[in-house]
Amino acid sequence: MNADILRSFGPDTELQPASPETLVGRSGATYGIADGRPEPLGATLTDEGVQFAVFSRHAERLTIALFREATDTEPEAEIVLDTRFRTGDIWHCHVSGIGAGALYLVRAEGPYAPEQGQRFNGHLYLLDPYARALTAEPGEMHRSLGYDAGSPRKDAAPAQQSNLAHMPKCVVVSTDFDWQGDKPLNVPLHKAIIYETHVRSLTVHPSSGVEHPGTFRGVIEMIPYLRELGVTSIELMPIQEFDELDNPRHNPTTGERLQDYWGYNTLAYFAPKARYASDRTPGCVVDEFKEMVRELHRAGIEVILDIVFNHTGEGAETGPTVSFRGLDNQVYYMLDDDPRYYRNFSGCGNTVNCNHPVVRSLIVECLRYWVLEMHVDGFRFDLGSVLSRGQDGRILEEPPIVQRIAEDPVLRGTKIIAEAWDAGGAYQVGSFPGGRWAEWNDRYRDDVRSYWRGDPGKLSTFVTRFAGSSDLYSNDGRKPFHSINLITCHDGFTVNDLVSYNHKHNEANGEANRDGHDHNLSCNYGVEGPARNGKVERARNRHIKSLLATLLLSLGTPMLSGGDEFRRTQYGNNNAYCQNNELSWYDYRLREKHYDVLRFTREMIRFRRRHPALLRHEFFTGKDLNENALTDVSWLSPTGDTVDWERHDGAIAVWIDGQEAAVPGGDIPDDDLYIMFNPGARAVEFALPDPHQGPWKLAVDTAGEPGRDIFPPREEPRLRVRRLRCAGRSVVVLVSGWNR
């Protein structure tokens, strides 16, 4: 080994080469250096030390820098790799004398030529894209600029100073963990009820009462609540490492520093966020994440990760250089025709080059890691349509990465859910390629909101959405459960705010209320914001219950936004991405104030889970399956007549034959269900058909007083009438079954 390949630091920091196979660090520790292997990528523990392998096609030299402390601004030692340590495009070495917990970064030297798409800067220390953990400190990676900000054109000249004051360190992680026999649950999608939440928001408010607020261990403490609620799956907003301080704005009223709270600016795809760990010891976050998954699984709750492969936190050309940009800008990102700039289909400044073969491998290896090593059950892909774009940005008919994820044998039982659009104009809801992908169904969201707001002409689309959106998912062989049905999510109004505000109120975001959507399909019942008027509050409560009832009665996979079950509010802010404060945190005191909504939600979830007709695999046929008088589903007008779809609007009823409706899914027969919807302001009287499985009983009435809005099984009041009044903006559900 050539001595100039090694850099050894003595007390005076001058180079002091040791023997050809050893390296002496600043601390006096000795490290053995060997060639190593080009795989696997990242830092891998061996019996003797750590194996490093890093991809960079266009680098001319690559350095592995070792550190002793997270806040070190000088390395303990540096191992400078030349072509001897290169196999193809992989730079590699083996270092003995270190082990689990070792800290490291990399440097890549090569051309700084933005006009050619190259942005190497040997002064900068970079994150390993395959790092399994980062240190929690320091935490201002956005200050790591690869260019001289004072140059005439910002990226005309490279920066000349180190960035170590702003960079956390990568952590070498052991895979040892006592899983106690745990495996991913992989709850069948048609039986899943998803609860979307932010790790910190779920427990950081003092009212949560947990010992480890805002952490993965805090999530463990919330398991009894989640089990009681009845959800099967928890979908976590981004938990891969990001820089939460990457936000230059302040709240214009309070002066509070705003943050990147949601985390949709990933910088290390394999690393769970260290600040979500209760123990900040480097690497402990991995075990804490695993503990969370294991305990959720023990409680029967699976884990879905919201993952952001469409862009990274490095942003546009004036953004920081933290990892990918400094290792191989041309490979990792889609560059514009003028390669100084980035194609921006994410709305965040850059777009990951997802269908480049190297990036495809990173994505699949990342997903496999989270499934095999971390035991997660599924993924929701933010702005998933970016995955459909080729390296020139055009939408591909058969995008390789989308097909690879769908067909990967390791991921075969894993949930894959696409947000089937992007910020570049692609919209693929109902047509996302790849065969088995589920999708966030924003058309369900909008059509259901419009119907319950009382908008005219929305009946037929509402019925289609309620019945599983066959117009979107039946043509390519997908099923109702491929529609992830949602009324609200992290992005937009909470369900409370949906019925309390006509307009967004995002002034606290520091963008003069220009951010966030204006198309909210909301209504405020005459009062913008909180109301003291009891009549207004009762109307809002009823509207919320009707929305939640619709969600949990519809064919498809329901997703509940965390806190909606007790009317969590963001006070009209429909884009709280930057609010790490009580605007985003769950105030559990609302569980008492709105206990009737919490109880209703919990009982509606139970209602859904015990009715196979609502969990069926197949779309309704509308046909008589066994030559009986009733089909699996019949839509009726309030008079009991067949609906004239061209003339009828507003109130409608659906009769689901439990004997027929459950058969295609292979489940046991169910009760008959008769569901009445009235989106108008005035009550409507419905004619009741003759029941087939015993007398009709009242199971749900969203206009009912608390305690009489939903009834436990076998406690439903028996009806002895032929007509039933359905109040305005309400849902009524009747059940009929001989075995009740």
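Computed quantities for the displayed model
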| quantity | calculated |
| --- | --- |
| Yes/no for ALA131 being surrounded by fewer than 19 Cβ atoms within 10 Å (Cβ to Cβ) and of a type in the set (A, V, I, L, M, F, W, C) | no |
| Test result for LEU335, under 29 Å from SER561 (Cβ atoms) and buried (at least 17 other Cβ atoms within 10 Å of the Cβ) | no |
| Flag if ASP455 is among the acidic types (Asp, Glu) and assigned to a helix (DSSP H, G or I) | no |
| Residue within the range 288-299 that is at negative phi, surrounded by fewer than 21 Cβ atoms within 10 Å (Cβ to Cβ), in contact with a Gly (Cβ under 7 Å, 6 or more places away or on another chain) and part of a loop (DSSP other than H, G, I, E, B) present | no |
| Count of residues meeting criterion [in contact with an Asp or Glu (Cβ under 8 Å, 6 or more places away or on another chain) and aliphatic (A, V, I, L, M)] in the range 176-191 | 2 |
| Number of the exception - THR569 against (1) under 24 Å from SER207 (Cα atoms); (2) touching a helix residue (DSSP H, G or I) at 6+ places or on another chain (Cβ under 7 Å); (3) buried (at least 21 other Cβ atoms within 10 Å of the Cβ); (4) among the hydroxyl-bearing types (Ser, Thr, Tyr) | (3) |
| Residues of the range 403-452 satisfying the condition of being part of a helix (DSSP H, G or I) and in contact with a strand residue (DSSP E or B) (Cβ under 7 Å, 6 or more places away or on another chain) | ILE405, ALA406, TYR444, ARG445 |
| Subset of the range 501-537 [surrounded by 14 or more Cβ atoms within 10 Å (Cβ to Cβ) and part of a helix (DSSP H, G or I)] | GLU507, ALA508, ASN509, VAL536, GLU537 |
| Residue within the range 473-489 that is in contact (Cβ under 8 Å) with a residue 60 or more places away in the chain, within 30 Å of PRO248 (Cα to Cα), surrounded by fewer than 16 Cβ atoms within 10 Å (Cβ to Cβ) and within 27 Å of the chain's Cα centre (by Cα) present | no |
| Residue satisfying all of: in the range 180-191; under 24 Å from the mean Cα position of the chain (by Cα) and in a loop (DSSP other than H, G, I, E, B); nearest to SER554 (Cα to Cα) among these | PRO188 |
| Test for GLY492: is it small (Gly, Ala, Ser), in contact (Cβ under 8 Å) with a residue 12 or more places away in the chain, buried (at least 20 other Cβ atoms within 10 Å of the Cβ) and in a loop (DSSP other than H, G, I, E, B) | yes |
| Scope the range 331-378; condition part of a strand (DSSP E or B) and farther than 18 Å from LEU267 by Cβ; matching residues | LEU335, GLY378 |
| Residues located in the range 104-135, provided they are β-branched (Val, Ile, Thr) and either at positive phi or in a strand (DSSP E or B) (or both) | VAL106 |
| The lone exception for PRO238 - which of (1) in contact with a Leu (Cβ under 9 Å, 6 or more places away or on another chain); (2) more than 21 Å from ALA418 (Cβ to Cβ); (3) not hydroxyl-bearing (Ser, Thr, Tyr) it fails | (2) |
| Test: residue in the range 487-495 that is touching a helix residue (DSSP H, G or I) at 6+ places or on another chain (Cβ under 6 Å), at pLDDT below 95 and assigned by TED's automatic domain parsing to the domain that holds VAL402 | no |
| Every residue from the range 224-241 that is in a loop (DSSP other than H, G, I, E, B), over 12 Å from VAL376 (Cβ atoms) and not small (Gly, Ala, Ser) | VAL231, THR232, MET237, PRO238 |
| In the range 414-442, the residues that are surrounded by 20 or more Cβ atoms within 10 Å (Cβ to Cβ), closer than 23 Å to ILE193 by Cα and among the charged types (D, E, K, R) | LYS415, GLU419, GLU439 |
| Only one of SER174, SER151, SER162 that is over 25 Å from the mean Cα position of the chain (by Cα), among the small types (Gly, Ala, Ser) and modelled with pLDDT under 95 | SER151 |
| Residue that is surrounded by the fewest Cβ atoms within 10 Å (Cβ to Cβ) [pool: residues in the range 274-285 that are of a type in the set (A, V, I, L, M) and touching a Cys at 6+ places or on another chain (Cβ under 9 Å)] | ALA277 |
| The range 678-700 - residue that is touching a Cys at 6+ places or on another chain (Cβ under 8 Å) and assigned to a strand (DSSP E or B) and, of those, surrounded by the fewest Cβ atoms within 10 Å (Cβ to Cβ) | GLU685 |
| Single residue of SER174, SER162 found to be in contact with a Gly (Cβ under 9 Å, 6 or more places away or on another chain) and surrounded by fewer than 18 Cβ atoms within 10 Å (Cβ to Cβ) | SER174 |
| Matching residues in the range 71-92 - criterion: being outside any strand (DSSP E or B) and under 25 Å from PRO282 (Cα atoms) | THR71, ASP72, THR73, GLU74, PRO75, GLU76 |
| Failed criterion for GLU211 (all others in (1) under 19 Å from the mean Cα position of the chain (by Cα); (2) of a type outside the set (Lys, Arg); (3) not in a helix (DSSP H, G or I) hold) | (1) |
| Filter result for VAL643 (within 21 Å of LEU551 (Cα to Cα), surrounded by fewer than 21 Cβ atoms within 10 Å (Cβ to Cβ) and at pLDDT 85 or above) | no |
| The range 554-606, residues that are part of a loop (DSSP other than H, G, I, E, B) and of a type in the set (S, T, N, Q) | SER554, THR569, GLN570, ASN573, ASN574, ASN575, GLN579, ASN580, ASN581, SER584 |
| Cβ pairs under 7 Å, 6+ apart, first in the range 272-283 and at pLDDT 95 or above, second among the charged types (D, E, K, R) and part of a loop (DSSP other than H, G, I, E, B) | ALA274/ARG280 |
| Residue ID - surrounded by the most Cβ atoms within 10 Å (Cβ to Cβ), chosen from residues in the range 230-273 that are among the aromatic types (Phe, Trp, Tyr) and under 18 Å from PRO138 (Cα atoms) | PHE242 |
| One residue from GLU48, GLU39, GLU137, GLU115 being farther than 25 Å from ARG360 by Cα and out of contact with any Pro (no Cβ under 9 Å at 6 or more places or on another chain) | GLU48 |
| Set ARG599, ARG542: member being crowded, with 21+ Cβ neighbours inside 10 Å, in the same structural domain as THR197 (by TED's automatic domain parsing) and out of contact with any helix residue (DSSP H, G or I) (no Cβ under 8 Å at 6 or more places or on another chain) | ARG542 |
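The values are calculated or read from the model by the stated rules, or taken from the named source; none is laboratory data. Keep in mind the model is a prediction, meaning the values are calculated, not measured. Neighbour counts run over all protein chains shown; Cβ positions are idealised from the backbone, glycine included.
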